[in-house]
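Peer 1: First, the structure itself, so that you have it in front of you.
The values are calculated or read from the model by the stated rules, or taken from the named source; none is laboratory data. Please read these numbers as outputs of a predicted model, since none were measured by experiment. Cβ coordinates were reconstructed from backbone atoms using ideal geometry, including for glycine residues, and neighbour counts include every protein chain displayed.
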Amino acid sequence: MRSQASLRTGASALLALLAALSLMLGAAGCGTLTPGATPIGTPIETVRHGIASPTGEYKLPDGGTRLEFAQGSFGKQTWMLDFDAGGHLVTNQQVLTEANFWNITPGMSSNDVRMRLGRPANVFNVPWQQLQVWSYRYATGDCVWFQVSVSQAAGQVTESGIGTDPACDGPNSRD
């Protein structure tokens, strides 16, 4: 029969092992939950088959590939991970920023907008103008979103700018 001291030592060792294993699994999972924390040089197949699946994939002019990961509360984050032609990660960035928004200009193709900003949080049609309006939420202290008007006939940006996010509207006083 084992002594109480021996049982306590065994139980303490088991708890320490479980705690260490939990920390290792947690640390390993953190890098895969946030695409921006993916180490440079990671193979594209490792990222494609990680915890989160890409929400978009684009071919880059240099033969590489860009993977899109739209995520966050109300879609306020979109990470773009760029891989070289050999399939290794070379850059990653959160693209829903005002600096990137100001690079969206009239005449730009809708495909180019998608490759730069990813999928919009909201899309609505304006039939009488033959437009689609793409709206991108982003992390800001204000209740705004970035909107891009795209001609359905030409597939090009007609205008873009900051608008009020209707998710912030309070109750309608006319109801």
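Peer 1: Would you confirm whether any residue within segment 85-107 is surrounded by 13 or more Cβ atoms within 10 Å (Cβ to Cβ), part of a strand (DSSP E or B) and among the small types (Gly, Ala, Ser)?
Peer 2: The answer is no, given that none of the residues of segment 85-107 is surrounded by 13 or more Cβ atoms within 10 Å (Cβ to Cβ), part of a strand (DSSP E or B) and among the small types (Gly, Ala, Ser).
Peer 1: Among the candidates Asp165, Asp112, single out the residue that is within 22 Å of the chain's Cα centre (by Cα), farther than 16 Å from Gly72 by Cβ and of a type in the set (Asp, Glu).
Peer 2: Sole residue among the options that is within 22 Å of the chain's Cα centre (by Cα), farther than 16 Å from Gly72 by Cβ and of a type in the set (Asp, Glu): Asp112.
Peer 1: Next question. Select, from Ala167, Ala139, the only residue that is in contact with a Lys or Arg (Cβ under 7 Å, 6 or more places away or on another chain), in contact (Cβ under 8 Å) with a residue 60 or more places away in the chain and either within 19 Å of Gly36 (Cα to Cα) or in a helix (DSSP H, G or I) (or both).
Peer 2: Ala139
Peer 1: When you look at Arg66, is it basic (Lys, Arg) and either out of contact with any Leu (no Cβ under 9 Å at 6 or more places or on another chain) or at pLDDT 95 or above (or both), yes or no?
Peer 2: yes
Peer 1: Another one. Quick check on segment 36-53: of everything there that is touching a residue at least 24 places away in the same chain (Cβ under 8 Å) and surrounded by 14 or more Cβ atoms within 10 Å (Cβ to Cβ), which residue is farthest from Arg119 (Cα to Cα)?
Peer 2: Checked segment 36-53; the qualifying residue farthest from Arg119 (Cα to Cα) is Thr42.
Peer 1: Check segment 2-23 and report whether any residue there is loosely packed, with under 10 Cβ neighbours inside 10 Å, more than 19 Å from the chain's Cα centre (by Cα) and either of a type in the set (Lys, Arg) or modelled with pLDDT of 95 or more (or both).
Peer 2: yes
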